[in-house]
Each structure stands twice: as structure tokens, then as C-alpha cells.
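Undergrad: To start, I am sharing the structure in question, which I have written as C-alpha cells.
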Amino acid sequence: MTHVVDLEALLAGEVESVDAALERALKQARPGLPPATFAAIAHGVRSGGKRLRPILCVQAYRAASRHEASKERVYDLAVALEMIHAYSLMHDDLPSMDNADLRRGAPTTHRVHGEAETIRGGLALIPLAALQCVRAASALGCDAERVRAPAAWRRRPAIA
């Protein structure tokens, strides 16, 4: 028996869940960041796209998991991948790299927020994504020893 999946419909439905999880991640990250850095991060993360990385992560979790987890929690884990991807695009668009003015038809982060703030925002996304992953894995009930964040991560904000 062959199971046919309407990939376009699957992706369209999943993007909404990914975007909602990204908004939750941004809300959690905001208090520890300078406003200008947060604005650059939000611009980079909200730049749209297919969101394939987190969608594939969610599908893999569903295929491999022995228990049903909260839909939100699985997406909260998966968006850590999208946060790293956003960092890579923000830095790739910089004048010292591709010097792109537009991404997906909209001004790139460095064109809106400046080169220095884009660099800071992109760099902040790396530890923010790691923290997002740790928090989400813990919420999914992963073994505490496997998801324990280094003590230094819990004590300081991502950007000083």
C-alpha cells in the first residue's frame, strides 16, 4: 500500500507552527538582549522562508518518538535549527561576504539595522539556539543529564 503525501499542503500547515514557535523563542530571548541587537535578531529570524529544517526535525521526532509529545514542545525544539540558519543567512548577506541588499524580496538585516548590529545579532543567535534546544529538550522530558546546560550559560545573558 502506497501512502501519498501532499507535500505542499504539509509544508504550508507546518510553517505556521514553526513561525509560532519562533515567536515564542524570540519572546524568551528578548529580556536578556539590548533592544538594537534584539531588533536585528528578530528581523533575521522573521525573514520567512520554507522552514524546511525545523519541519524535517519535527517529522523525524514524530517518526522516532515512542510517545506523543505536545505539538508546541516539539516545534520549540525544532526552531533551534532555524535560529542557526537565520544566523548563517544574516552573516552571509554582510558586505564582507555576499553584500546582498535583499533576501526574499526584502531588505537584508544589515541594510535595516547596520553591519555591526547584524554581526552582534547573528553571533547572539548561536548561544540562544543552544539554550532554546536545552529548554525544549527538557520540556519534552529528555534525561536531565543529557540536556544540562553548562552553569555559565545559565548565569549570564547572551550579550553583555
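Undergrad: As a check on your grasp of the helix formula, calculate [θ] at 222 nm for the chain: sum -39500 (n - 2.57) over DSSP H runs of n ≥ 4, divide by the residue count, round to the nearest 500. Mind showing how you got there, number by number?
TA: Details: 8 runs with 108 residues, N = 160.
Using -39500 (n - 2.57) per qualifying helix, the result is -21500 deg cm²/dmol.
Undergrad: Which order do peptides 29-35, 3-9 fall in by mean Cβ count within 10 Å, highest first? Working shown, then result.
TA: Numbers: 29-35: 15.0, 3-9: 7.1.
Most protected by this proxy first, the peptides run 29-35, 3-9.
Undergrad: What residue among A64, Y87, P127 has its Cα farthest toward the positive end of the dipole of the chain, where the charges are +1 on Lys, Arg and -1 on Asp, Glu, each on the Cβ?
TA: Ranked along the dipole, the leading option is P127.
Undergrad: If you don't mind, there's one more thing I want to ask. Return the label of the correct value of Cα Rg over 2.2 N^0.38 Å, as calculated from the structure shown, out of [x] 1.10; [y] 1.22; [z] 1.96.
TA: Read-out from the structure maps to [x].
Undergrad: Using unit Cβ charges (K, R positive; D, E negative) and no other charged atoms, how large, in debye to the nearest 20, is the dipole of the stretch 43-84 about its Cα centre? Walk me through the numbers on the way to the answer.
TA: Values: 8 positive and 4 negative charges, 25 e Å.
Rounded to the nearest 20 debye, it is 120 debye.
Undergrad: How much net charge surrounds Y61 when only the other residues with a Cβ under 12 Å from the Cβ of Y61 are counted, with Lys and Arg +1 and Asp and Glu -1?
TA: Details: positive: R62, R66, K71, R73; negative: E68, D76.
After counting each charged neighbour, the total is +2.
Undergrad: In addition: Cut-off is 10 Å between beta-carbons; in what order do E68, E115 appear when sorted fewest neighbours first?
TA: Values: E68 8, E115 13.
Arranged by neighbour count, lowest to highest, E68, E115 become E68, E115.
Undergrad: Right, something else. So, counting K/R as plus one and D/E as minus one, what does the shell of residues with Cβ under 13 Å around A21 add up to?
TA: Once all neighbours under 13 Å are counted, the net charge is +1.
Undergrad: Also, I was wondering about something else. Would you mind checking which residues have amide H under 5 Å from A106's amide H? H placed 1.01 Å from N; only 5 or more apart, or other chain.
TA: Under 5 Å from the amide H of A106: no residue qualifies.
Every number in this text was worked out from the coordinates using simple rules, so none of it is lab data. Model, not experiment: these values are computed from the prediction. Here the Cβ is made from the backbone with ideal geometry for all residues, glycine too, and neighbour counts use every protein chain on show.
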